[in-house]
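Below is one structure; the comments refer to it alone.
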Amino acid sequence: MSDGASILHADLDAFYASVEQRDDPRLRGRPVIVGGGVVLACSYEAKRRGVRTAMGGRQARQLCPEAIVVPPRMRAYSEASRRVFEVFRDTTPVVEGISIDEAFLDVRGLWRIAGTPRRIAERLRADVLREVGLPITVGVARTKFLAKVASGVAKPDGLLVVEPADELTFLHALPVQRLWGVGAVTAAKLHAHRVMTVGQVARLGEATLVSMLGEGTGRHLHALAHNRDPRPVQPNRRRRSMGAQRALGRGPHEPAFVDAVLAELVDRVCRRLRAAERGGRTVVLRLRFADFTKVTRSHTLAKETWHTATILDAVQRLHHKEASLIANRGLTLIGIAVANLDGDGAVQLELPLRAHTGGELDTAMDQVRDRFGSAALTRASLLGRQQGPTTPLLPDPVNPAGP
């Protein structure tokens with residue numbers, strides 16, 4: 001942890017919707033929803049009416065009948081993200097991208113040439129607005145955790161600097177939901193013990209939190225409640241997992257359609273794994289139901305792989321085990337991920353030292369798509385079906401230990 005407030009968390013405001021409002025003056029100052037069947041993003045004008053990301057389109061339009069619904073333009077969002085990250089890297093070489101619309105920046109040591117962290121943050125916000133045309137919120141603090149909390153409190157289009165002398169006063173007044181890792185379930189457990197604020201969490205003591213929430217969560221929240229977060233800003237941090245998801249809208253959905261979506265998502269993820277030369281061992285399936293509850297299921301393979309058929313088989317097995325749950329509760333979103341990624345670009349071969357059967361097919365399909373575009377080849381099960389938009393992602397950094 002640094003001695004002063006020198007870590008910036010920069011987060012674009014309502015990113016997709018802001019790009020739409022930037023590019024179409026008629027949308028400015030009006031409630032905007034990106035995506036029709038399911039809300040992919042919405043402007044703050046729509047958020048004030050209760051619209052939220054991942055909400056069903058019908059419910060969103062009931063809450064905000066005057067909202068303007070626009071289709072997503074992923075290329076525009078990718079280009080805007082690229083230009084924003086250029087501004088980040090012009091500000092400091094120590095930039096850790098978190099997603100396409102947010103990053104941590106370490107500005108220690110820049111005060112002689114760039115001024116105080118507050119001045120740097122002010123200039124960063126002005127540069128992003130001038131060069132990219134988008135509003136951005138920045139939180140500044142001594143730790144990554146508190147910088148992200150500060151940006152969340154400052155939204156939208158704000159700047160908040162939390163100096164070391166004030167950090168616990170600021171942090172302890174916030175609701176427990178501001179702590180990383182406190183979702184609806186953990187918040188309910190804390191509320192049941194009449195713990196409502198971060199300050200009350202801090203006063204409980206680690207042993208009490210462990211008894212209430214388990215060792216991992218209890219120790220984690222105790223550290224955060226005292227702003228103990230030693231993680232540095234890591235400019236070459238590689239992903240721990242790669243995934244993709246697709247909102248399905250309210251069903252019912254035919255099993256063949258869901259199977260086709262699973263195949264589509266696995267194709268996307270495996271192509272990215274091979275492009276980054278990173279195999280993974282753990283296959284994760286995420287499901288969201290009609291009542292907006294979620295479940296996550298996973299299976300760990302014997303060794304790392306980026307083989308499409310192997311990962312698809314594991315995903316299908318996980319999905320089929322949840323068939324009765326899906327039938328009872330309805331499925332509105334499905335996502336897959338591959339975790340426990342290796343970092344050296346190697347895939348372990350088994351005796352008699354030959355790659356997975358079908359690996360040649362993966363390679364051939366990748367070559368065709370690289371040359372003619374991702375839509376050049378598709379599965380027969382996807383013919384005639386509208387595929388969901390491909391969410392833009394930050395590129396995976398080159399292995400810092402590699403050549």
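The values are calculated or read from the model by the stated rules, or taken from the named source; none is laboratory data. Please read these numbers as outputs of a predicted model, since none were measured by experiment. Quick reminder, even Gly has a Cβ in these numbers, built from the backbone with ideal geometry, and neighbours come from all protein chains shown. Side chains are part of the model used for accessible areas, which takes the heavy atoms of the whole protein and leaves out ligands, DNA and RNA. Shrake-Rupley method; radii C 1.70, N 1.55, O 1.52, S 1.80 Å.
Looking only at the stretch 149-163, residues that are part of a helix (DSSP H, G or I), among the small types (Gly, Ala, Ser) and out of contact with any His (no Cβ under 9 Å at 6 or more places or on another chain) come to 1 in all. Among the conditions (1) touching an Asp or Glu at 6+ places or on another chain (Cβ under 7 Å); (2) without any contact (Cβ under 8 Å) to a residue 60 or more places away in the chain; (3) open to solvent by less than 30 Å² (accessible area, probe 1.4 Å), Arg83 misses just one, which is (3). Applying the criterion of being among the polar types (S, T, N, Q) and either on the phi < 0 side of the Ramachandran plot or within 18 Å of the chain's Cα centre (by Cα) (or both) to the residues of the stretch 223-277, the residue that is surrounded by the fewest Cβ atoms within 10 Å (Cβ to Cβ) is Asn236. Met74 passes every criterion in (1) open to solvent by less than 20 Å² (accessible area, probe 1.4 Å); (2) touching a residue at least 24 places away in the same chain (Cβ under 8 Å) apart from (1).
Would it be correct to say that Leu105 is farther than 18 Å from Pro392 by Cβ and part of a strand (DSSP E or B)? So Leu105 passes the test. Arg82 falls short of the stated requirement of being assigned to a loop (DSSP other than H, G, I, E, B), of a type outside the set (A, V, I, L, M) and under 21 Å from Pro135 (Cα atoms). Scoring Asp166 on the criteria (1) part of a loop (DSSP other than H, G, I, E, B); (2) open to solvent by 30 Å² or more (accessible area, probe 1.4 Å) leaves a single failure, condition (1). In the condition set (1) at pLDDT below 95; (2) under 30 Å from Lys47 (Cβ atoms), Asn236 is compliant with all but (2).
For the stretch 10-25, give me the residue count where each residue is out of contact with any strand residue (DSSP E or B) (no Cβ under 9 Å at 6 or more places or on another chain) and in a loop (DSSP other than H, G, I, E, B). Adding up the residues that qualify gives 0.
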